[in-house]
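Everything below concerns the one structure shown next.
The values are calculated or read from the model by the stated rules, or taken from the named source; none is laboratory data. Just so we're clear, the structure is a prediction, and the values are computed from it rather than from any experiment. No Cβ is skipped: glycine too gets one built from the backbone with ideal geometry, and neighbour counts run over all protein chains shown. Heads up: the accessible areas ignore ligands, DNA and RNA and are worked out on the full protein's heavy atoms, side chains in. Shrake-Rupley method; radii C 1.70, N 1.55, O 1.52, S 1.80 Å.
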Amino acid sequence: MKHKGQKIQSFICHFYLIILTIIAIFPLVWIILSSIKGKGELTGNPTGFLPKTFTLEYFRHVIFDLGFINNIKNSAGIALVTTLIAIIVAALAAYGIVRFFPKFGSVMSKVLVTTYIFPPILLAIPYSIVMAKAGLVNTRIGLIIVYLSFSIPYAVWLLVGFFKSVPIGIEEAARIDGANKIKVFGTVVLPLVAPGIVATAIYTFINAWNEFLYSLILINDTSKMTVGVALRSLNGSEILDWGDMMAASVIVVIPSIIFFCLIQNKIAGGLTEGSVK
């Protein structure tokens, strides 16, 4: 009787999760199917689910005619540079906190996370004033600096946990063998925390790719806009083509989803190792 009850409970749980999954992915599936529908199908039958004719015309129009390819390059470049700088700085800072300033560093790493207490819109005006005085408004460098101000504190806080999981004895053994501090850090410590660095880099990249507010405020040149702002500009046009909007939405969302699916195992492994503090 107990075994039968467990089967019923398991069936109900799985059924519930399946329903939630369908509800969660339905908007994405609908957007993808809408982006490949033929001309006139979205306006003629807005509630239609499956396309009657298959076409990639909306994607071609968005990427080449509307110049969305430049916006993709902007977002990819800004996100990659932000991620690279944030990981380098955060890795050095986190290692220094763990090995050289354990007491002060523990307090400092917690203070760094307080930057996430403030909502982004609250800091929009101060950032705009600072960037304007520095002459970095409407520049990719200015946007990268703003992203780093949020990415580095979070990355440091994450990596501190990973570096704490590295036994000090391994480093001492390497020092006895003649390795200096830089070599110990580069050849011994970093490989051990590689899953954590990968996980942190992925989160940093996705956050920079999806960021919208500061890109909207600081960038007003069409050729320098990121994909999120370019997508919004389609909504502000006089005549809104829903096919173009759906295709552009797919271009913005799908890369993050594919990227996340490919490396989700590394993320899970990294976070699990970093949980040992």
Next on the checklist: Take LEU42 and tell me if it is in contact (Cβ under 8 Å) with a residue 12 or more places away in the chain and open to solvent by less than 70 Å² (accessible area, probe 1.4 Å).
Outcome noted: yes
Checklist entry - In region 5-23, is there at least one residue being exposed (fewer than 11 other Cβ atoms within 10 Å of the Cβ), in contact with a helix residue (DSSP H, G or I) (Cβ under 7 Å, 6 or more places away or on another chain) and modelled with pLDDT under 80? => result no
Next on the checklist: Among the residues in region 102-109, are any within 28 Å of ASP221 (Cα to Cα) and either free of Cβ contacts under 8 Å to residues at least 40 places away in the same chain or among the small types (Gly, Ala, Ser) (or both)?
Outcome noted: no
Next on the checklist: What are the pairs with Cβ atoms under 6 angstrom where one residue, in region 146-164, is among the basic types (Lys, Arg) and the other, located anywhere, is surrounded by fewer than 24 Cβ atoms within 10 Å (Cβ to Cβ)? Sequence gap at least six, or different chains.
Outcome noted: LYS164/VAL98; LYS164/LYS277
Checklist entry - Quick one: is THR222 surrounded by 15 or more Cβ atoms within 10 Å (Cβ to Cβ) and closer than 30 Å to ASN70 by Cβ? => result no
Item to check | From the options THR187, THR200, THR204, residue that is open to solvent by 70 Å² or more (accessible area, probe 1.4 Å) and part of a helix (DSSP H, G or I) | outcome: THR187
Item to check | Where VAL113 falls short, out of the listed (1) closer than 22 Å to PRO195 by Cα; (2) surrounded by 19 or more Cβ atoms within 10 Å (Cβ to Cβ) | outcome: (2)
